[in-house]
Each structure stands twice: as structure tokens, then as C-alpha cells.
Amino acid sequence: MDFITKLPKTAKGYDTIWVIVDRLTKSAHFLPICETYSLERLAETFIKEIVSRHGVPVSIVSDRDTRFTSRFWKKFHEEMETKLLISLTYHPQTDGQSERTIQTLEDMLRACIIDFGGSWDSHLPSVEFSYNNNYHASIGMPPYEMLYGRRCRTPICWGEVGQKELGSKEIVQATGVKLDQIKTRLKAAQDRQKSYADKRQRPIEFQVGDYVLLKLSPWKGIIRFRKRGKLSPRFIGPFKILSRVGKVAYRLELPEELSGIHSTLHVSHLRKCLADETSHVPLNDIEVDERLNYVEKPVAILDWKENRLRNKVIKQVKVQWQHRKGSKATWETEEEMRQSYPYLFE
């Protein structure tokens with residue numbers, strides 16, 4: 001399950017869609033809600049729309065939204081004996097099913113608004129029906145057929161109606177065969193997706209006592225002067241590996257400057273140090289938060305120049321950035337620098 005937030009507010013006060021997808025049948029429910037709903041109201045909506053139709057789920061996969069990690073939500077599902085599975089920072093693909101459904105839902109809603117106009121919540125029931133009645137390659141049939149055991153009767157395709165004369169034993173056997181078939185198709189789809197991911201991955205292992213570099217990243221969401229490239233330093237260290245934790249994590253010997261960061265880190269944030277262990281990137285001037293993010297700032301202007309175009313002149317300045325030296329300085333437009341960092345020109 002996941003949320004689509006920041007939507008245009010409707011006449012009924014809705015501005016968020018709660019997306020809930022069944023992992024087996026791929027059937028989805030799109031529930032219009034308000035972002036300011038309390039957890040008690042969300043729990044009431046969950047019981048009314050999901051539990052009343054499908055029963056209490058065995059497990060729920062979601063991201064680490066503050067509403068899903070709250071004590072009330074955990075206690076609520078603990079009483080219902082539902083296991084909460086929350087995706088980790090390094091494994092966001094755990095909740096990939098709902099993320100992919102959200103992409104499809106946004107495209108369908110956008111098409112409805114463009115073609116028919118009106119408010120998005122008025123189209124949501126039709127969009128949910130169309131999604132659940134559409135063919136899914138992973139299960140080899142529409143979610144509606146998998147969920148109810150028959151095709152849906154629509155104006156486009158009128159199916160047979162009426163009660164079927166089947167014995168209870170035949171129904172159980174047919175349902176078991178269909179479930180086995182669905183699980184086989186899902187396994188094939190998962191293996192196919194895994195093969196795509198494995199092509200871009202390589203196993204990384206270290207030994208206790210090795211020295212590694214720790215990967216950093218600029219503050220999420222900041223794009224400096226329309227440039228998406230990340231500024232150095234990308235790695236700091238080296239740090240000594242004290243022990244191995246599981247298959248994909250290591251415990252490092254971190255200095256006091258990084259005391260606020262947990263010493264056990266995922267292997268994706270580590271790189272083997274091939275240089276002399278005595279040469280390292282200093283940490284005194286780098287402010288790193290618990291998620292290994294940092295913010296770079298300009299410290300000086302080294303040079304000035306003008307770029308003359310056909311109709312205008314663009315003034316540029318050569319900026320020395322914090323934690324960068326020599327040729328690592330960059331040319332930026334003077335106007336943008338004056339707006340963002342006026343203290344450089346004082």
C-alpha cells in the first residue's frame with residue numbers, strides 16, 4: 001500500500017489517493033482520502049473498504065511513511081494479527097508493486113481529466129474497474145477473473161450469467177489448479193525481473209581488517225543551478241572493517257566526527273580503498289547527517305569572465321566550492337550566484 005498526495009483538492013475535500021494492491025491477484029483499490037485524515041480514520045477506512053471485502057490480510061508491505069510506522073498503526077495490525085513488512089532504505093523495490101500501480105493510475109487519471117474533464121475523484125471508480133478488468137501479464141488474466149473466478153460482464157464483452165452447476169469438490173480442485181497456475185506465472189515474472197536486475201549488479205565482499213571508503217551524497221532534492229551532477233567528495237575515509245553483519249552489511253571503525261551515524265552500513269555505501277591508508281579526506285569541515293547526506297557551499301570567487309552572445313552578454317564567475325580544490329572549481333552565472341549566495345560579493 002502507498003499514498004498519492006498533493007493532488008488537486010476536490011469538492012468533497014479529497015486530495016490524496018490510498019492505493020492498496022493484492023500481491024497474489026494483483027487487484028487494486030483506489031481510495032480517495034484527505035491527507036489530514038487521522039490514523040483512527042485511516043484504520044476505519046481500511047476496515048470498511050478492505051477487510052469487509054477481502055478479510056484480514058496476513059501481511060502488508062509498505063514504505064516507511066510516518067503513518068505506517070506510527071505506534072497506533074503497528075498496534076492496530078498487531079491486534080488483527082497482520083504482519084507489517086516495511087521497505088528498507090537500501091531496498092525500496094520491496095514496495096515496487098504499489099509504485100508501479102501508482103504510475104499506471106496517474107496515467108489513467110490524467111487521460112480521464114484531459115478527455116472528459118471534471119474532478120479526478122469522480123473518475124476514480126471507473127479507473128479502478130478498468131484497472132482490475134485489464135489483462136496482467138504476470139498472472140496471465142485480469143485481476144477480476146482471478147479474484148472472482150470468472151470474467152467480468154461489461155458492455156464491451158458480455159459474459160455468461162447465472163449460477164453454475166458445480167460440485168463442491170470440483171470447485172476446490174479448480175481453485176487449487178488456478179492458484180498453482182497463478183503462482184507459477186508470478187514466479188516466472190519475478191525471475192524475469194530478477195534477471196534484469198542481476199545484469200546491473202556485481203557481488204561485493206570485504207574481509208575483516210580491510211579499509212574501505214564511505215560513499216556520501218548531496219542533500220536530496222537540491223539541484224545546484226540546474227545541474228544534476230553531484231559534487232565531490234563522493235567518498236570519505238578510509239575506515240577499517242571490524243566485523244561482518246549478515247551477507248550485505250559491515251561494521252566500521254568510525255571516528256568521533258561520525259559518532260551520530262550507525263557503524264553498521266550496507267555494502268552499497270562502501271568501496272574498497274586501493275590507495276595508501278594514510279591518505280584520507282578530512283572530516284572536520286564536512287557536516288554529515290544520520291543518512292550520510294551533506295550540503296556543499298561556495299567559499300570564494302576565483303575569477304570573472306563574460307560570454308558574449310549575439311544579443312546579450314552573460315557574466316560568469318569561477319567559484320571555489322567547499323571540499324573542492326584547484327581544477328575542481330566551476331563556472332557559474334553571476335546573476336544566479338548573487339541571488340543564492342550574496343555574501344560572496346560583499
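Considering each residue of the stretch 240-248 in turn, at least one proves to be loosely packed, with under 11 Cβ neighbours inside 10 Å, under 20 Å from Tyr211 (Cα atoms), at pLDDT 65 or above and not assigned by TED's automatic domain parsing to the domain that holds Val317. Scanning the stretch 150-160 finds no residues that are surrounded by fewer than 14 Cβ atoms within 10 Å (Cβ to Cβ), closer than 23 Å to Arg23 by Cβ and at pLDDT 85 or above. Of the residues making up the stretch 34-56, those that are within 20 Å of Ser98 (Cα to Cα), surrounded by fewer than 19 Cβ atoms within 10 Å (Cβ to Cβ) and of a type in the set (Val, Ile, Thr) are Thr45, Ile47, Val51, Val56.
Evaluate the stretch 82-91: report whether one residue or more is of a type in the set (A, V, I, L, M), loosely packed, with under 14 Cβ neighbours inside 10 Å and under 14 Å from the mean Cα position of the chain (by Cα). Spell out how you get there, then give the answer.
Here is the first cut: in the stretch 82-91, the residues of a type in the set (A, V, I, L, M) are 84-86, 88.
Going one step further and asking which of them are loosely packed, with under 14 Cβ neighbours inside 10 Å, we end up with 85, 88.
Filter again for under 14 Å from the mean Cα position of the chain (by Cα), leaving 88.
The answer is yes, given that some residue of the stretch 82-91 is of a type in the set (A, V, I, L, M), loosely packed, with under 14 Cβ neighbours inside 10 Å and under 14 Å from the mean Cα position of the chain (by Cα).
A single member of His77, His29 is assigned to a strand (DSSP E or B) and surrounded by 14 or more Cβ atoms within 10 Å (Cβ to Cβ), and it is His29. Among the numbered conditions (1) in contact (Cβ under 8 Å) with a residue 24 or more places away in the chain; (2) in a helix (DSSP H, G or I); (3) among the small types (Gly, Ala, Ser), the only one that Ala11 does not meet is (2).
The lone criterion from (1) modelled with pLDDT of 85 or more; (2) surrounded by fewer than 14 Cβ atoms within 10 Å (Cβ to Cβ); (3) in contact with a Ser or Thr (Cβ under 8 Å, 6 or more places away or on another chain); (4) not β-branched (Val, Ile, Thr) left unmet by Ser62 is number (2). Residues considered: Glu44, Glu35. Of these, the only one that is in the same structural domain as Glu128 (by TED's automatic domain parsing) and under 21 Å from the mean Cα position of the chain (by Cα) is Glu35. Scan the stretch 92-128 for residues that are touching a Cys at 6+ places or on another chain (Cβ under 8 Å) and surrounded by 14 or more Cβ atoms within 10 Å (Cβ to Cβ) and the total you get is 3. Within the stretch 11-35, the set of residues being of a type in the set (Val, Ile, Thr) and modelled with pLDDT under 90 comprises just one member, Thr25. Glu277 meets all of the listed conditions (1) more than 31 Å from the chain's Cα centre (by Cα); (2) acidic (Asp, Glu); (3) at pLDDT 65 or above but one, namely (3).
The values are calculated or read from the model by the stated rules, or taken from the named source; none is laboratory data. Note that this is a predicted model, so its numbers are computed, not measured. Cβ coordinates were reconstructed from backbone atoms using ideal geometry, including for glycine residues, and neighbour counts include every protein chain displayed.
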